[in-house]
Each structure stands twice: as C-alpha cells, then as structure tokens.
Amino acid sequence: MSSAQGEIAHFHSDRDVDLRLTDRAIRRFAKDLRGSGAIRIVPGSQWVTLRLDAASDVDLLLTLVSVALQAQQTWPDPLDRPPVGCNDQRGAGFVKADLGGI
C-alpha cells in the first residue's frame with residue numbers, strides 16, 4: 001500500500017506486516033505500541049512490524065494503517081529524509097517459527 005508520500009505497508013509473510021509511520025507518530029504512540037505484544041518497534045526506524053496472530057491484531061492493523069496515512073500527511077519528516085528500509089531489511093522482524101513438526 002502506498003500514498004503520494006511513498007510506501008505505507010507491505011506483508012513479509014501471511015502474518016507479518018511492516019507499516020511506515022513517521023518518527024513523530026511512533027513517539028506519540030510509543031507507550032501504546034510498546035504495550036502490544038503484536039508490535040515490534042526498532043529504535044530510529046519509521047517502520048513498525050505487526051504480527052497478526054489474532055482477530056484483534058487485524059483490528060489493530062486497520063487502526064495503524066489509518067494512523068500511517070494521517071501521519072504521512074500531517075507529520076511529514078521535517079528533515080525530508082528518504083525512508084530507510086523496513087524493519088525486516090534491518091533484520092529486526094519477528095523470529096520465524098519452525099512449523100516443521102506440525
């Protein structure tokens with residue numbers, strides 16, 4: 001998913017989604033984001049990674065997509081830096097589960 005300001009969200013697997021918020025949006029919602037076990041935040045990254053394990057995680061994803069769209073329009077990067085790669089490219093995604101025994 002993209003906006004005029006660039007990419008907003010993409011999937012890395014059936015369950016892992018990266019969302020590009022902004023530094024300001026992440027700081028604003030950091031306490032709430034850190035309180036969720038479904039979200040991974042990487043310091044210095046404009047991306048958050050969301051693991052979809054339950055129906056409530058899908059609701060959270062929809063909410064965060066809305067936040068991401070608003071953040072891109074309302075709180076652009078004041079330094080106008082190009083977006084850096086997502087958290088998965090930083091090696092900071094969720095640990096892949098070994099489902100071989102299932």
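Output the residues belonging to the stretch 60-95 that are modelled with pLDDT of 90 or more and closer than 12 Å to D18 by Cβ. Scanning the stretch 60-95 gives L61, L64, V65.
Out of D32, D57, report the one residue that is of a type outside the set (G, A, S), modelled with pLDDT of 85 or more, over 12 Å from the mean Cα position of the chain (by Cα) and open to solvent by less than 40 Å² (accessible area, probe 1.4 Å).
Just a single option satisfies the conditions, and that option is D57.
Just give me the residues in the stretch 44-72 being polar (S, T, N, Q) and either within 15 Å of R28 (Cα to Cα) or in contact with an Asp or Glu (Cβ under 7 Å, 6 or more places away or on another chain) (or both), in sequence order. Residues satisfying the conditions are S45, Q46, T49, T63, S66, Q70, Q72. Does the stretch 10-25 include one or more residues that are modelled with pLDDT of 90 or more, among the aromatic types (F, W, Y) and open to solvent by 40 Å² or more (accessible area, probe 1.4 Å)? Looking for residues that are modelled with pLDDT of 90 or more, among the aromatic types (F, W, Y) and open to solvent by 40 Å² or more (accessible area, probe 1.4 Å), one finds at least one in the stretch 10-25, hence yes.
The values are calculated or read from the model by the stated rules, or taken from the named source; none is laboratory data. Values in this document were obtained by computation on a predicted structure and should not be read as measured data. Cβ coordinates were reconstructed from backbone atoms using ideal geometry, including for glycine residues, and neighbour counts include every protein chain displayed. Keep in mind that these areas ignore ligands, DNA and RNA; they rest on the heavy atoms of the full protein, side chains included. Shrake-Rupley method; radii C 1.70, N 1.55, O 1.52, S 1.80 Å.
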